[in-house]
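Let me begin by presenting the structure, written as structure tokens, before commenting on it.
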Amino acid sequence: MEKVIRTAVIGVGAFGQNHARIVSGLDGTELVAIVDHDSVRGQEIAAKLSTKYYERYQDIAGLVDAVIIVTPTSLHYEVGSFFISNHIHTFIEKPITSTSSEAEKLVQLTKNNNVILKVGHIERFNPAWLSARSSIKKPLFIEARRISPFTERIKDSDVIIDMMIHDIDLVLDLIISPVTDLKAIGMKVLSDRYDMAQARLEFENGSVASITASRVSPNKFRKLRVFEKDRYFSMDFLNRSSSITDVVNDGGKKTLKVSKPEAVSADSLQLELLDFFSAIRGEASRGVDGEEAASALKLAERIVSDIHNK
């Protein structure tokens with residue numbers, strides 16, 4: 001019989017509650033603990049999911065095989081390094097840490113302790129991405145736009161780290177080449193951090209990417225387009241769908257042919273957490289590992305720095 005993976009969720013705010021709910025219903029895993037600094041909220045969620053509540057994450061090290069960390073980013077390195085040092089498999093919500101230097105130390109710690117580290121770049125499990133990714137071969141130009149309304153919850157970080165990092169990760173997954181030139185602009189609108197940003201990236205292999213992120217729009221818009229020679233892909237992450245447009249020669253005349261890949265109708269977070277547990281069991285994984293997450297964060301920092309220096 002397959003060993004049950006004893007799991008705890010650290011941080012059960014709005015998003016962490018979703019992680020806890022999903023883990024509690026998965027086969028092959030057992031939600032053995034909820035940890036949160038807010039005892040009222042923690043006890044409420046623990047009771048609802050028939051598990052135990054702990055106020056201190058240090059108290060559960062001997063009880064778990066895996067943890068899911070959904071704390072504020074400022075705590076990711078502290079909490080993550082504690083569990084990794086105790087040989088416990090770790091999933092951390094994005095961004096991996098507050099700084100890329102912390103991320104690199106966490107990745108090295110993972111290697112030293114031979115544990116799985118995955119990071120919650122959830123768009124890798126969006127049906128729009130899953131339906132198109134395997135068909136993309138040689139991107140020449142990528143255009144990404146991620147736009148949302150402003151919320152007070154995110155005013156303590158730049159839009160680059162909060163939102164744009166999703167598309168930075170996707171671009172780096174598609175273009176395996178060093179960034180040779182970067183130009184970025186940003187604006188502070190409703191907070192003292194950058195609420196709007198646009199970055200143009202040029203890669204050593206000749207590919208170019210344009211990434212826009214804003215959190216001051218009344219509407220949501222999350223699309224990514226990938227252009228290849230005689231073909232382009234359009235992915236709508238809100239509607240969870242994609243399309244492929246090919247340039248075809250019809251009797252000597254060029255026309256456009258549009259096809260729509262079949263998309264899976266599954267919960268992205270559930271797929272991401274299932275992938276984490278599959279990785280623990282030694283199975284194939286498509287989730288973002290520590291090194292990939294560190295690379296995305298490092299590039300995000302370069303974008304912030306370029307904006308600062310203008």
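Listing for the model above:
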quantity	calculated
Residue check for ILE136: within 18 Å of the chain's Cα centre (by Cα) and among the aliphatic types (A, V, I, L, M)	no
Extreme residue, surrounded by the most Cβ atoms within 10 Å (Cβ to Cβ), among residues of the stretch 41-91 that are within 24 Å of the chain's Cα centre (by Cα) and of a type in the set (Asp, Glu)	ASP65
Residues that are part of a strand (DSSP E or B), of a type in the set (A, V, I, L, M) and under 22 Å from ALA279 (Cβ atoms), drawn from the stretch 17-34	LEU31, VAL32, ALA33
Residues being under 19 Å from LYS137 (Cα atoms) and of a type in the set (Gly, Ala, Ser) - total across the stretch 242-262	3
The lone exception for ASP230 - which of (1) without any contact (Cβ under 8 Å) to a residue 40 or more places away in the chain; (2) within 18 Å of the chain's Cα centre (by Cα); (3) farther than 30 Å from THR7 by Cβ it fails	(2)
ASP181 vs. criteria at pLDDT 95 or above and not basic (Lys, Arg)	yes
Failed item, numbered, when THR180 is tested on (1) over 19 Å from ASP236 (Cα atoms); (2) buried (at least 16 other Cβ atoms within 10 Å of the Cβ)	(2)
Matching residues, the stretch 258-297, being under 14 Å from the mean Cα position of the chain (by Cα) and either within 30 Å of VAL248 (Cβ to Cβ) or among the charged types (D, E, K, R) (or both)	GLU272, ASP275, ARG286, ASP289, GLU291, GLU292
Residue within the stretch 39-59 that is part of a helix (DSSP H, G or I), among the polar types (S, T, N, Q) and within 18 Å of LYS118 (Cβ to Cβ) present	no
Hey, THR90 hydroxyl-bearing (Ser, Thr, Tyr) and either free of Cβ contacts under 8 Å to residues at least 40 places away in the same chain or within 30 Å of ALA300 (Cβ to Cβ) (or both) or not	yes
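The values are calculated or read from the model by the stated rules, or taken from the named source; none is laboratory data. This structure is a prediction, so every number in the text was calculated from the model and none was measured. Quick reminder, even Gly has a Cβ in these numbers, built from the backbone with ideal geometry, and neighbours come from all protein chains shown.
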